[in-house]
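**Student:** First the structure, which I've put down as structure tokens, then a few questions once you've had a look.
None of the figures in this text is laboratory data; all of them are computed from the coordinates on show. This one's a predicted model, so the numbers in the text were calculated from it and none came from an experiment. As a convention, Cβ positions derive from the backbone with ideal geometry for all residues, glycine included, and neighbour counts pool all protein chains shown.
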Amino acid sequence: MATLAGGGLGALGAHEAAAAAAALSLPAEAYGNDPTVEMIWAMKAHQHAEVYFNLISSVDPKFLKLTKADDQIYTEFRKDFNHLKIDVLDSEDLKSEPAKEKWRPFCLQFDGVVEDFNYGTLLRLDCSKGYTEENTVFATRIQFFAIEIARNREGYNSVVYNNAKKASSATEEISSG
């Protein structure tokens, strides 16, 4: 397992990757609080976050489609959470008991519609910033999709894309100047 600590998922060989995939396919009840599985889940969530942030930095988020069910997710999300402030989230809007009670039926309606709808995923609290320890909360995949689809469609994630474009332009000017 020392391989994981230094190199992330990319450091896994074929055998280790197959073992990790097999382990992650078992029901959660089979593990209890196995730290190895928790480490693999955390690494998988981090990799997903990194890929997503690179995507919204490279492509105008207004044009992104995250799932086949984006329209349904967005419609149901804004129907159920029309007043939720999504540019800067309050973690209590996801984690408090009243919030969990409201989120539960929303999430469950996507069982069978969105693959792995209830997997753990990292979500940025302030969409104008990247994934840092202070700016990240653990959420279900469907919560991530609902909030990020809304952020993309409503223009909140454009700040990431525009900042990346400015940084790229500045680097090009320095290189050619």
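**Student:** If Lys and Arg each add +1 and Asp and Glu each add -1, what is the summed charge of the other residues whose beta carbon sits under 10 Å from the beta carbon of Arg78?
**Tutor:** Numbers: positive: Lys79, Arg153; negative: Glu76, Asp80, Glu154.
Summing Lys/Arg as +1 and Asp/Glu as -1 gives -1.
**Student:** Sticking with this one: From the phi of every residue in region 156-166, what ³J(HN,Hα) in whole Hz does the Karplus formula 6.51 cos²θ - 1.76 cosθ + 1.60 yield, where θ is phi - 60° and glycine or proline is x?
**Tutor:** 5, 7, 4, 4, 5, 4, 5, 5, 5, 5, 4
**Student:** Let me ask something additional. Output the direction-averaged projected area (hull surface divided by four) of the convex hull of the alpha-carbon atoms of region 83-177, in nm². Show your work: numbers first, answer last.
**Tutor:** Values: hull surface 30.2 nm².
Its Cα hull, projected and averaged over all orientations, spans 7.6 nm².
**Student:** How long is region 25-161 along each principal axis, judged by its Cα atoms, biggest number first, in Å?
**Tutor:** Computed over the Cα atoms, the extents are 41, 29, 28 Å.
**Student:** A further question follows. Quick check: pseudo-label points 7 Å beyond the Cα along Cα→Cβ at Ser169 and Glu97, how many nm apart are they?
**Tutor:** 5.1
**Student:** Would you please give the residues with an amide H less than 5 Å from that of Asp126, counting only those at least 5 places away or on a separate chain, with H modeled from the backbone geometry?
**Tutor:** Leu89
**Student:** Next question, about the same structure. DSSP loop trypsin sites (Lys or Arg not before Pro) in region 52-144 with at most 10 other Cβ atoms within 10 Å of their Cβ, which ones? All intermediate terms of the calculation are to be shown ahead of the outcome.
**Tutor:** Details: sites: Lys62, Lys65, Lys68, Arg78, Lys79, Lys85, Lys95, Lys100, Lys102, Arg124, Lys129, Arg141; in loops: Lys65, Lys68, Lys85, Lys129.
Counting only loop positions with at most 10 other Cβ atoms within 10 Å, the trypsin sites (Lys or Arg not before Pro) in region 52-144 are Lys65, Lys85.
**Student:** Continuing with this model, one more query. Kindly state, to the nearest 0.05, the FRET efficiency for Arg153 paired with Glu38, given R0 = 35 Å and r defined as their beta-carbon distance.
**Tutor:** Numbers: r = 33 Å, r/R0 = 0.95.
Calculated value: 0.55.
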